[in-house]
1. If I filter region 164-176 down to residues being out of contact with any Lys or Arg (no Cβ under 7 Å at 6 or more places or on another chain) and exposed (fewer than 13 other Cβ atoms within 10 Å of the Cβ), which single residue comes out as farthest from residue 139 (Cα to Cα)?
2. Hey, any hits in region 62-81 for a residue that's assigned to a helix (DSSP H, G or I), out of contact with any helix residue (DSSP H, G or I) (no Cβ under 9 Å at 6 or more places or on another chain), modelled with pLDDT under 95 and open to solvent by 50 Å² or more (accessible area, probe 1.4 Å)?
3. If you check 39, 133, 101, which single one turns out to be closer than 29 Å to residue 163 by Cβ, of a type in the set (Asp, Glu) and modelled with pLDDT under 95?
4. So, in region 84-98, of the ones that are surrounded by fewer than 17 Cβ atoms within 10 Å (Cβ to Cβ) and without any contact (Cβ under 8 Å) to a residue 60 or more places away in the chain, which residue ends up nearest to residue 139 (Cα to Cα)?
5. When residues of region 136-161 are filtered for being at pLDDT 95 or above and over 16 Å from the mean Cα position of the chain (by Cα), how many remain?
6. Would a scan of region 41-57 turn up a residue that is open to solvent by 10 Å² or more (accessible area, probe 1.4 Å), over 24 Å from residue 10 (Cβ atoms), in contact with a Gly (Cβ under 8 Å, 6 or more places away or on another chain) and not in a helix (DSSP H, G or I)?
7. Please give the strands (runs of 3 or more DSSP E) falling wholly within region 98-187 in which 3 or more residues are among the small types (Gly, Ala, Ser).
8. Give me the pairs, please: first residue somewhere in region 13-27 and over 20 Å from residue 88 (Cβ atoms), second residue anywhere and modelled with pLDDT of 80 or more and among the polar types (S, T, N, Q), beta-carbon distance under 7 Å, and either six or more positions apart or on two chains.
Amino acid sequence: MARIISGAAGSLRLRVPRSGTRPTSDRVREGIFSSLTAEGAIEEARVLDLYAGSGALGLEAMSRGASSAVLVDRSPDAVAVCRANAQLVARSLGTAAGAIEVVRQSASTFLASAAGPFDLAFLDPPYDLGDAELAATLAALAPLLAPDAVVVVERSLRSGEPRWPEGIEPVRTRRYGETAVHLARAT
(Lines give C-alpha, C1' and ligand atoms only; values in the text may rest on other atoms or scores of the structure.)
Protein backbone atom coordinates (compact mmCIF):
# COMPACT_ATOMS: atom_id res chain seq x y z
CA MET A 1 0.00 0.00 0.00
CA ALA A 2 1.43 3.37 -1.06
CA ARG A 3 0.51 6.70 0.47
CA ILE A 4 0.64 10.41 -0.21
CA ILE A 5 3.59 11.60 1.86
CA SER A 6 2.86 15.29 2.35
CA GLY A 7 0.69 18.23 1.41
CA ALA A 8 -3.06 18.71 1.61
CA ALA A 9 -3.77 14.99 1.04
CA GLY A 10 -0.83 13.81 3.17
CA SER A 11 -1.03 10.27 4.63
CA LEU A 12 -3.87 9.28 2.28
CA ARG A 13 -3.45 5.60 1.36
CA LEU A 14 -3.31 4.73 -2.33
CA ARG A 15 -4.03 1.49 -4.11
CA VAL A 16 -1.26 -0.21 -6.12
CA PRO A 17 -1.77 -2.39 -9.24
CA ARG A 18 -1.68 -6.13 -8.52
CA SER A 19 1.26 -6.75 -10.84
CA GLY A 20 3.37 -5.29 -13.61
CA THR A 21 4.48 -2.17 -11.73
CA ARG A 22 7.29 -1.20 -9.42
CA PRO A 23 5.91 1.46 -7.08
CA THR A 24 8.32 4.23 -6.13
CA SER A 25 9.24 3.81 -2.47
CA ASP A 26 8.32 6.49 0.07
CA ARG A 27 12.03 7.21 0.58
CA VAL A 28 12.64 7.84 -3.13
CA ARG A 29 9.45 9.91 -3.50
CA GLU A 30 10.44 12.03 -0.50
CA GLY A 31 13.84 12.65 -2.08
CA ILE A 32 12.27 13.55 -5.43
CA PHE A 33 9.78 15.96 -3.86
CA SER A 34 12.38 17.58 -1.60
CA SER A 35 14.38 18.41 -4.74
CA LEU A 36 11.30 19.62 -6.60
CA THR A 37 10.26 21.83 -3.69
CA ALA A 38 13.76 23.35 -3.59
CA GLU A 39 13.51 23.98 -7.36
CA GLY A 40 10.10 25.66 -6.94
CA ALA A 41 8.76 23.20 -9.50
CA ILE A 42 5.47 22.07 -7.91
CA GLU A 43 3.23 25.04 -7.03
CA GLU A 44 0.60 25.54 -9.78
CA ALA A 45 2.47 23.11 -12.09
CA ARG A 46 0.75 21.29 -14.93
CA VAL A 47 2.00 17.74 -14.29
CA LEU A 48 2.46 14.77 -16.62
CA ASP A 49 3.00 11.33 -15.05
CA LEU A 50 4.01 8.87 -17.80
CA TYR A 51 4.11 5.14 -16.94
CA ALA A 52 1.96 6.18 -13.97
CA GLY A 53 1.36 2.78 -12.32
CA SER A 54 -0.60 3.85 -9.22
CA GLY A 55 -0.32 7.55 -10.10
CA ALA A 56 1.54 8.21 -6.84
CA LEU A 57 4.01 10.72 -8.34
CA GLY A 58 1.42 12.86 -10.11
CA LEU A 59 -0.97 12.64 -7.16
CA GLU A 60 1.79 13.58 -4.70
CA ALA A 61 2.40 16.68 -6.84
CA MET A 62 -1.32 17.51 -6.68
CA SER A 63 -1.26 17.16 -2.90
CA ARG A 64 1.66 19.61 -2.78
CA GLY A 65 0.04 22.33 -4.88
CA ALA A 66 0.15 21.38 -8.58
CA SER A 67 -2.79 22.76 -10.55
CA SER A 68 -3.44 19.71 -12.74
CA ALA A 69 -2.13 16.24 -13.50
CA VAL A 70 -2.39 13.80 -16.38
CA LEU A 71 -1.67 10.18 -15.40
CA VAL A 72 -0.80 7.96 -18.38
CA ASP A 73 -0.43 4.17 -18.40
CA ARG A 74 -1.24 1.48 -20.94
CA SER A 75 -2.14 -1.26 -18.45
CA PRO A 76 -5.89 -1.63 -17.82
CA ASP A 77 -5.20 -2.63 -14.19
CA ALA A 78 -2.93 0.38 -13.62
CA VAL A 79 -5.47 2.74 -15.21
CA ALA A 80 -8.26 1.40 -12.96
CA VAL A 81 -6.02 1.93 -9.91
CA CYS A 82 -5.04 5.43 -11.11
CA ARG A 83 -8.71 6.36 -11.55
CA ALA A 84 -9.61 5.14 -8.05
CA ASN A 85 -6.61 6.94 -6.52
CA ALA A 86 -7.31 10.13 -8.51
CA GLN A 87 -10.90 10.20 -7.25
CA LEU A 88 -9.72 9.70 -3.68
CA VAL A 89 -7.13 12.50 -3.91
CA ALA A 90 -9.50 14.86 -5.75
CA ARG A 91 -12.14 14.39 -3.02
CA SER A 92 -9.55 14.97 -0.32
CA LEU A 93 -8.31 18.15 -2.02
CA GLY A 94 -11.73 19.39 -3.07
CA THR A 95 -10.27 19.62 -6.58
CA ALA A 96 -12.46 20.48 -9.55
CA ALA A 97 -13.45 17.68 -11.88
CA GLY A 98 -10.94 17.39 -14.68
CA ALA A 99 -7.94 18.66 -12.71
CA ILE A 100 -6.70 15.05 -12.59
CA GLU A 101 -7.04 13.18 -15.87
CA VAL A 102 -6.28 9.48 -16.33
CA VAL A 103 -5.42 8.25 -19.83
CA ARG A 104 -5.07 4.64 -21.00
CA GLN A 105 -2.45 4.81 -23.73
CA SER A 106 1.17 4.00 -24.26
CA ALA A 107 3.54 6.88 -23.56
CA SER A 108 4.42 7.22 -27.26
CA THR A 109 0.77 7.26 -28.40
CA PHE A 110 -0.15 9.84 -25.77
CA LEU A 111 2.80 12.11 -26.59
CA ALA A 112 2.00 11.98 -30.33
CA SER A 113 -1.32 13.78 -29.75
CA ALA A 114 -0.94 15.56 -26.38
CA ALA A 115 -1.45 19.31 -26.19
CA GLY A 116 0.84 20.39 -23.36
CA PRO A 117 2.55 22.45 -22.20
CA PHE A 118 3.63 20.65 -19.05
CA ASP A 119 5.66 22.27 -16.26
CA LEU A 120 6.66 19.02 -14.55
CA ALA A 121 6.98 15.55 -16.09
CA PHE A 122 7.60 12.25 -14.33
CA LEU A 123 8.85 9.22 -16.24
CA ASP A 124 9.09 6.05 -14.19
CA PRO A 125 9.16 3.40 -16.91
CA PRO A 126 9.61 -0.31 -16.33
CA TYR A 127 13.28 -1.01 -15.64
CA ASP A 128 13.39 -3.29 -18.68
CA LEU A 129 12.41 -0.44 -21.04
CA GLY A 130 15.28 -0.06 -23.49
CA ASP A 131 17.47 3.03 -23.64
CA ALA A 132 16.43 3.72 -27.25
CA GLU A 133 12.73 3.62 -26.37
CA LEU A 134 13.28 5.95 -23.40
CA ALA A 135 15.28 8.32 -25.63
CA ALA A 136 12.43 8.35 -28.17
CA THR A 137 9.92 9.09 -25.40
CA LEU A 138 12.05 11.98 -24.10
CA ALA A 139 12.41 13.36 -27.65
CA ALA A 140 8.61 13.25 -28.11
CA LEU A 141 8.13 14.91 -24.71
CA ALA A 142 10.55 17.82 -25.30
CA PRO A 143 8.24 19.94 -27.52
CA LEU A 144 5.40 19.54 -24.99
CA LEU A 145 7.35 21.11 -22.14
CA ALA A 146 6.91 24.68 -20.95
CA PRO A 147 10.06 26.80 -20.81
CA ASP A 148 12.11 25.81 -17.75
CA ALA A 149 9.93 22.73 -17.10
CA VAL A 150 11.39 20.02 -14.87
CA VAL A 151 11.69 16.39 -16.01
CA VAL A 152 12.22 13.56 -13.51
CA VAL A 153 13.29 10.13 -14.79
CA GLU A 154 13.49 7.17 -12.42
CA ARG A 155 15.60 4.21 -13.57
CA SER A 156 17.70 1.35 -12.27
CA LEU A 157 21.30 2.29 -11.50
CA ARG A 158 22.30 -0.34 -14.07
CA SER A 159 20.47 1.56 -16.83
CA GLY A 160 22.82 4.53 -16.80
CA GLU A 161 22.06 8.15 -17.66
CA PRO A 162 19.19 8.73 -20.12
CA ARG A 163 20.07 10.12 -23.55
CA TRP A 164 18.67 13.62 -23.26
CA PRO A 165 17.30 15.10 -26.49
CA GLU A 166 17.82 18.64 -27.68
CA GLY A 167 15.65 20.89 -25.54
CA ILE A 168 16.19 18.99 -22.26
CA GLU A 169 19.36 19.48 -20.22
CA PRO A 170 20.40 17.23 -17.30
CA VAL A 171 20.69 18.92 -13.90
CA ARG A 172 21.70 16.14 -11.50
CA THR A 173 21.32 12.48 -10.59
CA ARG A 174 20.58 11.15 -7.11
CA ARG A 175 20.98 7.53 -6.08
CA TYR A 176 18.71 5.66 -3.67
CA GLY A 177 19.88 2.05 -3.30
CA GLU A 178 19.37 0.46 -6.75
CA THR A 179 17.35 3.43 -8.02
CA ALA A 180 18.71 6.47 -9.86
CA VAL A 181 16.61 9.63 -10.13
CA HIS A 182 17.64 11.94 -12.96
CA LEU A 183 16.48 15.55 -12.82
CA ALA A 184 16.57 17.68 -15.99
CA ARG A 185 15.20 21.01 -17.24
CA ALA A 186 13.65 22.13 -20.50
CA THR A 187 15.76 24.76 -22.24
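The values are calculated or read from the model by the stated rules, or taken from the named source; none is laboratory data. These figures come from a predicted structure and were not determined experimentally. Virtual Cβ from ideal backbone geometry, glycine too; neighbours counted across all protein chains shown. In case anyone asks, the SASA skips ligands and DNA or RNA and just uses the protein heavy atoms, side chains included. Shrake-Rupley method; radii C 1.70, N 1.55, O 1.52, S 1.80 Å.
1. 175
2. No, region 62-81 has no match at all.
3. The unique qualifying residue is 39.
4. First, pick out the residues of region 84-98 that are surrounded by fewer than 17 Cβ atoms within 10 Å (Cβ to Cβ): 84, 87, 91, 94, 96-98.
If we keep only those that are without any contact (Cβ under 8 Å) to a residue 60 or more places away in the chain too, we end up with 87, 91, 94, 96-98.
Numbers: 87: 31, 91: 35, 94: 35, 96: 32, 97: 31, 98: 27 Å.
Among them, the one singled out is 98.
5. Number satisfying all stated conditions: 5.
6. No, region 41-57 contains no residue that is open to solvent by 10 Å² or more (accessible area, probe 1.4 Å), over 24 Å from residue 10 (Cβ atoms), in contact with a Gly (Cβ under 8 Å, 6 or more places away or on another chain) and not in a helix (DSSP H, G or I).
7. Numbers: elements: 100-104, 118-123, 145-156, 168-176, 179-186.
It comes to 145-156, 179-186.
8. Pairs that qualify, where the first residue is over 20 Å from residue 88 (Cβ atoms) and the partner is modelled with pLDDT of 80 or more and among the polar types (S, T, N, Q), are 20/75.
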